[in-house]
Amino acid sequence: MLFSEPDLRHSMVMQEVASALVEAVGSLVGQGDVQPGAAPGLLDSAIQGLPAGARSMVRFEAHRLWMRRIDNLG
């Protein structure tokens, strides 16, 4: 087994956190409260409030999801 069950659960939670952040920022962009170009910085600011061990994983996933979202719009 490559990953233990707690590792998989941790990974799923980090993915869900990233997804929730992207949805929140996307909503702000959709309402016109935030310019699309400011979204990556806003994501980074939100991620700074997470525990240190979670930041890099959530940052990677949030930025990946955000770029995918932008690509789908264009």
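The values are calculated or read from the model by the stated rules, or taken from the named source; none is laboratory data. Quantities reported herein were computed from a predicted structural model and do not represent experimental measurements. Backbone-built Cβ (ideal geometry, glycine too); neighbour counts: all protein chains shown. Note: areas computed on protein heavy atoms with side chains; ligands, DNA, RNA excluded. Shrake-Rupley method; radii C 1.70, N 1.55, O 1.52, S 1.80 Å.
Worth pointing out:
- Looking only at the range 1-22, and only at residues there that are modelled with pLDDT of 90 or more and open to solvent by 90 Å² or more (accessible area, probe 1.4 Å), the one that is nearest to the chain's Cα centre (by Cα): 16
Each row is one residue, and each column tells you yes or no for (1) assigned to a helix (DSSP H, G or I); (2) out of contact with any Pro (no Cβ under 6 Å at 6 or more places or on another chain); (3) at pLDDT 95 or above; (4) open to solvent by less than 80 Å² (accessible area, probe 1.4 Å).
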{"site": "24", "(1), (2), (3), (4)": "yes, yes, yes, yes"}
{"site": "29", "(1), (2), (3), (4)": "yes, no, no, yes"}
{"site": "33", "(1), (2), (3), (4)": "no, yes, no, no"}
{"site": "39", "(1), (2), (3), (4)": "yes, yes, no, yes"}
{"site": "43", "(1), (2), (3), (4)": "yes, yes, yes, yes"}
{"site": "56", "(1), (2), (3), (4)": "yes, yes, no, no"}
{"site": "65", "(1), (2), (3), (4)": "yes, yes, yes, yes"}
{"site": "71", "(1), (2), (3), (4)": "yes, yes, no, no"}
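- Selection from the range 45-54 of residues that are part of a helix (DSSP H, G or I) and touching a residue at least 24 places away in the same chain (Cβ under 8 Å): 46, 47, 54
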